[in-house]
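Beneath this line is the structure, given in structure tokens, with notes to follow.
The values are calculated or read from the model by the stated rules, or taken from the named source; none is laboratory data. This is a predicted model, so every value here is computed, not measured. Note that each Cβ is placed from the backbone with ideal geometry, even for glycine, and that neighbours are counted across all protein chains shown.
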């Protein structure tokens, strides 16, 4: 497994992509979930009772940062199928959407734009924020392990 | 002539009935509030009673929804320190203005607070809602039956409270408050305006920590 990491992340492009995905996704989700505020001052804040949500965001960002570059490596270097790539993108999007709709500006915009349909969607994504994030993490974890397994076989064949 | 007189009589009686009916319906919307009350750019006339010293130099206007979990976070994590350091010391006061947009139970919960206010129990009821909030929106924790149960637990006159809640007496008041939020550019809850004595105001979006409020409040004192 370490050999696979070395092969993929020794390439600067994949390493940079991983860092960009992790940092941008983490900052975006922390902003949306109100763990970071930019106005009127930059401030970070983890309210008591919100620790689990914070940890899930970090895990989600880290898994996305691992799985997406690994699958891109498979597609670009090994010319393999894009099936697992869609799994990783799907997991990342589902996990991100879970916390996005709440009582904050995104939830307000969705409800203002789509009326009762938006309110129902917002309520669902808010009510099941933690379970949805756990499912997204599970999707990414499964994608991660199947990707590692595939890469072990494919790398033996190609290199 | 008699026929004309009869028609005229019916007409007069009809007009009287319409006037009496309109007067009785408008009585439902009459509030015992100071309609001129404003804080900065916000009309807080139909918001909550003022919490703290009405003559305090700073007013914190909070826009909130009783089903919003971030409002719950602010209520439990930040508000106690603001109460201790600014409201109980007379440096600031607080007005809550409803921005009930999250679910179907949100406007009803906001209306219930004003029904409690009819019996001078606004803040007790407000606190009761935020202490009882459940994490799921429209899960039933703030439906009419539960709202009545909260009132019962506070020993309110249930006949008066039920009549007020069932008749939606304060429906337009809550709508007015939510419109105030939109008019003042609030795009989520909780949203705050810190209004100083010289009418300068600072907006804060979200359930921000005490340190942010402290910095702004101290700069205005």
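Quick notes on this structure:
- Restricting the stretch A:20-71 to residues that are farther than 30 Å from residue A:4 by Cα and in contact (Cβ under 8 Å) with a residue 24 or more places away in the chain leaves a set whose member that is nearest to the other protein chains (Cβ to nearest Cβ) is A:34.
- A count restricted to the stretch A:128-149 and to residues that are at the interface with chain B (Cβ under 10 Å from one of its Cβ atoms) and buried (at least 19 other Cβ atoms within 10 Å of the Cβ) stands at 1.
- Residue within the stretch B:109-117 that is more than 14 Å from the chain's Cα centre (by Cα) and either away from chain A (no Cβ under 14 Å) or crowded, with 22+ Cβ neighbours inside 10 Å (or both) present: no
- Screening the stretch B:55-90 for residues that are within 11 Å of chain A (Cβ to nearest Cβ) and in a strand (DSSP E or B) and picking the one that is surrounded by the fewest Cβ atoms within 10 Å (Cβ to Cβ) gives B:63.
- Unique residue being in contact with a helix residue (DSSP H, G or I) (Cβ under 6 Å, 6 or more places away or on another chain) and at positive phi when the list is B:98, B:138: B:138
- Put simply, of A:159, A:90 the only residue that is within 17 Å of residue A:56 (Cα to Cα), out of contact with any helix residue (DSSP H, G or I) (no Cβ under 6 Å at 6 or more places or on another chain), more than 13 Å from chain B (Cβ to nearest Cβ) and modelled with pLDDT under 85 is A:90.
- Test: residue in the stretch B:131-154 that is touching a residue at least 24 places away in the same chain (Cβ under 8 Å), within 28 Å of residue B:196 (Cα to Cα) and part of a helix (DSSP H, G or I): no
- Restricting attention to the stretch B:177-216, the residues being in a helix (DSSP H, G or I), over 13 Å from residue B:62 (Cβ atoms) and more than 12 Å from chain A (Cβ to nearest Cβ) number 2.
- Flag for residue A:115 being within 14 Å of chain B (Cβ to nearest Cβ), modelled with pLDDT under 90 and either out of contact with any strand residue (DSSP E or B) (no Cβ under 9 Å at 6 or more places or on another chain) or exposed (fewer than 13 other Cβ atoms within 10 Å of the Cβ) (or both): yes
- Of everything listed in (1) more than 29 Å from residue B:56 (Cβ to Cβ); (2) surrounded by 19 or more Cβ atoms within 10 Å (Cβ to Cβ); (3) within 14 Å of chain A (Cβ to nearest Cβ), the single unmet condition for residue B:134 is (2).
- Qualifying residue in the stretch B:150-167 (condition: buried (at least 19 other Cβ atoms within 10 Å of the Cβ) and within 13 Å of chain A (Cβ to nearest Cβ)): no
- Taken together, the criteria exclude residue B:124 from residues that are more than 14 Å from chain A (Cβ to nearest Cβ) and free of Cβ contacts under 8 Å to residues at least 12 places away in the same chain.
- Evaluating residue A:39 against the criteria (1) modelled with pLDDT of 90 or more; (2) out of contact with any helix residue (DSSP H, G or I) (no Cβ under 8 Å at 6 or more places or on another chain) leaves one unmet condition, (1).
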